[in-house]
């Protein structure tokens, strides 16, 4: 998915009502439909210029209103004024119908960022919508590119909608912690029905025009490249057939006699489970309930009320922050946009284990052929079997047929020789974390691989600079740290080493984008960014056990915070015996004691938790006794923790470590750290990431609490110098300019 300009919509632009604050409103845009600003709309016979961006023309008896406000026909004041006046003139003319169409790459996309925070001027969006819907002549909205958010809400005020098959429609406000605020929650259910409207708005996805036609959101499909001609012909046919003016706001057929149980059922549905912690989905459900139970005007008032509440919420503020952060992550201060990108048409992967197989799937899914190398046939067969099993599971779930499974598997070549990687464009090493092994592999790759091949390591913590010393081409060596499971998790830490060339950096980042990952450029340091913060959180989780906290208390606090599970349940899932050796075990830690008792996690039905036959966890009396024993030995006073205290003990070390990473310039910006944790560790988006959490808490308060904990527990809690500085200046992490990774 590509994204267009950021759109900002002050509320009073839509409703002409004043609220105490403005709204940052941003939408993803799919661009373009073709080169330049042409969309083959050339069939007009007369023309009137309404203003600089709006043209009123005639094609026979049909009035054509064309918006041409590059780059995305945003709903700025000049566009709103132009629309209002054009509809007024079209209605006063002898035209029999009106077509609204946009020049350039897309239909109306949103509002204009240049108006953010300014005084209201010109016509309000509501006035434009009323002018459209109350037209005495049929209005046809002709859609290409995307009609998202406010753009779709404008189209919903037309009497009919026609779209080219490649067009997409959506109301993605939920992704920003908001709901459609220009009548979308009241009009959409009247077109597609309450159930479909709930799914449409809470998913926030872009729906292709053919699917929109099927649900009634679009009335007709046009021919690609012939939208204007088809729209004019459609409008003329509507007049000839004396079709009625379909005012969506007056159409109550699909919101009458609705079984109200659909709302509670939707709240309990599988789809709704992902809503935990998010406010906008429930608000959307309430607006659709209003569409069913209230007259249209009262439903609009309910929409505005709920919208205003969401705008003021910290959850929406965090989601809007994440939206911007995701776009910033690709911008590298010292890597020019015109830096060459090396071709990556074939990839070699060393290691067919869990990570190697998952990495291979990413490239195959993007249409890139893969060669996987293993040391033994048994390991290779097992790894390829896991990949096939994953694809077959997707086929059983209806994502594609078995022929597609075979096609994707045909793009993977198994091998037992590194020599088969001689001609690939990129190699990703994904063996176990042993520096000597990795250096040996890279030394062999240096001998085997063609000049210009990118040599990448999937290491999660080891020094890329040291790995590069095994080659004569350190400029080609880079880290590409995928997160497990690699075929699912979006995060990809791209690790810049001292000698990595700009071309290789840009190639790795663009490759990340091509395979659907969020690439975050980081520097070489132990654990890089993600695992470096994780280590601090893990250290404090264990420390709280020494003070008498139980694993399930710690996990529950993080679950309530928004994580899918806490560190101890996660350890049970992964296996407590990872890295544990019975021969070397001394019983000196809680984990060692559990492993010695053959409590190794879910796979043995016992770890920190006890597990039933369905792997459902429950607190363990065995673990409780061991924790109490170690707590008594620690010499620390036992205490009872509140959930707030647990979160503080787990998150503040992450904020502090993130500040140190910024000091060392191992991340380009604070928001990159947040995106790594959101996409790599499932930090809840409505909390914005650890650095955003620190900003929201207030860095003066963060500093004060760190100092208190330092006095109580020692220098683990010593505040980063950057926090000291920002707290003194009243600054924030978010305000720090992006800086190049220091090498």
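Among the residues of segment 244-262, which ones are part of a loop (DSSP other than H, G, I, E, B) and either under 22 Å from residue 183 (Cβ atoms) or touching a helix residue (DSSP H, G or I) at 6+ places or on another chain (Cβ under 8 Å) (or both)?
Within segment 244-262, 244, 245, 246, 247, 251, 252, 256, 258, 260 meet the criteria.
Could you check segment 346-383 and list, in sequence order, the residues that are in a loop (DSSP other than H, G, I, E, B), more than 26 Å from the chain's Cα centre (by Cα) and at pLDDT 95 or above?
351, 352, 374, 375, 376
Any idea which of 554, 504, 524 is outside the structural domain of residue 621 (by TED's automatic domain parsing) and buried (at least 23 other Cβ atoms within 10 Å of the Cβ)?
Just one listed residue meets the conditions, 504.
Does residue 476 qualify as being surrounded by fewer than 22 Cβ atoms within 10 Å (Cβ to Cβ) and in the same structural domain as residue 388 (by TED's automatic domain parsing)?
No; evaluated as a whole, the condition is false for this residue.
Could you please give the count of residues in segment 199-243 that are assigned to a loop (DSSP other than H, G, I, E, B), in contact (Cβ under 8 Å) with a residue 60 or more places away in the chain and on the phi < 0 side of the Ramachandran plot?
The qualifying residues number 6.
Failed condition for residue 513, given (1) in a loop (DSSP other than H, G, I, E, B); (2) under 15 Å from the mean Cα position of the chain (by Cα), with all others met?
Going through (1) in a loop (DSSP other than H, G, I, E, B); (2) under 15 Å from the mean Cα position of the chain (by Cα) one by one, residue 513 breaks only (1).
Just give me the residues in segment 620-632 being surrounded by 14 or more Cβ atoms within 10 Å (Cβ to Cβ) and touching a strand residue (DSSP E or B) at 6+ places or on another chain (Cβ under 9 Å), in sequence order.
Listed by number, the residues that qualify are 620, 622, 623.
Take residue 56 and decide whether it is at pLDDT 95 or above and either in a loop (DSSP other than H, G, I, E, B) or under 33 Å from the mean Cα position of the chain (by Cα) (or both).
When the stated conditions are applied, residue 56 does not pass them.
What is the number of the single condition among (1) more than 29 Å from the chain's Cα centre (by Cα); (2) over 20 Å from residue 287 (Cβ atoms); (3) at pLDDT 95 or above; (4) part of a loop (DSSP other than H, G, I, E, B) that residue 101 does not meet?
Checking residue 101 against (1) more than 29 Å from the chain's Cα centre (by Cα); (2) over 20 Å from residue 287 (Cβ atoms); (3) at pLDDT 95 or above; (4) part of a loop (DSSP other than H, G, I, E, B), the one that fails is (4).
Checking the condition at pLDDT 50 or above and either touching a strand residue (DSSP E or B) at 6+ places or on another chain (Cβ under 7 Å) or assigned by TED's automatic domain parsing to the domain that holds residue 176 (or both), which residue from 71, 32 passes?
The unique qualifying residue is 71.
Quick check: anything in segment 720-741 out of contact with any helix residue (DSSP H, G or I) (no Cβ under 8 Å at 6 or more places or on another chain) and modelled with pLDDT under 95?
No; the residues of segment 720-741 include none that is out of contact with any helix residue (DSSP H, G or I) (no Cβ under 8 Å at 6 or more places or on another chain) and modelled with pLDDT under 95.
Between 297, 334, which is over 26 Å from residue 476 (Cα atoms) and modelled with pLDDT of 95 or more?
Only one candidate passes the filter, namely 297.
Mind telling me which of the residues 392, 374, 429 ends up being surrounded by 12 or more Cβ atoms within 10 Å (Cβ to Cβ), in contact with a helix residue (DSSP H, G or I) (Cβ under 8 Å, 6 or more places away or on another chain), in the same structural domain as residue 484 (by TED's automatic domain parsing) and without any contact (Cβ under 8 Å) to a residue 24 or more places away in the chain?
Result of the check over 392, 374, 429: 392.
Looking only at residues in segment 130-148 that are out of contact with any strand residue (DSSP E or B) (no Cβ under 6 Å at 6 or more places or on another chain) and over 20 Å from residue 92 (Cβ atoms), which one is surrounded by the fewest Cβ atoms within 10 Å (Cβ to Cβ)?
Filtering segment 130-148 for residues that are out of contact with any strand residue (DSSP E or B) (no Cβ under 6 Å at 6 or more places or on another chain) and over 20 Å from residue 92 (Cβ atoms), the one surrounded by the fewest Cβ atoms within 10 Å (Cβ to Cβ) comes out as 145.
Looking at segment 706-743, which of its residues are within 26 Å of residue 465 (Cβ to Cβ) and outside any loop (DSSP other than H, G, I, E, B)?
721, 722
Give me the residue from segment 105-122 that is assigned to a loop (DSSP other than H, G, I, E, B) and in contact with a helix residue (DSSP H, G or I) (Cβ under 7 Å, 6 or more places away or on another chain) and, out of that set, modelled with the highest pLDDT.
Only one residue tops the list, namely 107.
Only helices (runs of 4 or more DSSP H) wholly contained in segment 532-640 count here; list those with 1 or more residues that are more than 31 Å from the chain's Cα centre (by Cα) and free of Cβ contacts under 8 Å to residues at least 60 places away in the same chain.
Those helices (runs of 4 or more DSSP H) span 590-596, 621-634.
Within segment 259-274, identify whether any single residue is surrounded by fewer than 18 Cβ atoms within 10 Å (Cβ to Cβ) and more than 26 Å from residue 173 (Cα to Cα), and answer yes or no.
Within segment 259-274 (the criterion being surrounded by fewer than 18 Cβ atoms within 10 Å (Cβ to Cβ) and more than 26 Å from residue 173 (Cα to Cα)), the answer is yes, since at least one residue qualifies.
Return the only residue of 467, 441 being out of contact with any helix residue (DSSP H, G or I) (no Cβ under 7 Å at 6 or more places or on another chain), within 22 Å of residue 355 (Cα to Cα) and either buried (at least 20 other Cβ atoms within 10 Å of the Cβ) or not assigned by TED's automatic domain parsing to the domain that holds residue 351 (or both).
441
Can you name the condition, by its number, that residue 250 falls short on among (1) surrounded by 15 or more Cβ atoms within 10 Å (Cβ to Cβ); (2) under 39 Å from the mean Cα position of the chain (by Cα); (3) within 20 Å of residue 131 (Cα to Cα)?
Among (1) surrounded by 15 or more Cβ atoms within 10 Å (Cβ to Cβ); (2) under 39 Å from the mean Cα position of the chain (by Cα); (3) within 20 Å of residue 131 (Cα to Cα), the lone unmet condition for residue 250 is (1).
The values are calculated or read from the model by the stated rules, or taken from the named source; none is laboratory data. Small disclaimer: the values here were computed from a predicted structure and weren't measured. For neighbour counting, all protein chains shown are included, and Cβ atoms are generated from backbone atoms with ideal geometry for every residue, glycine included.
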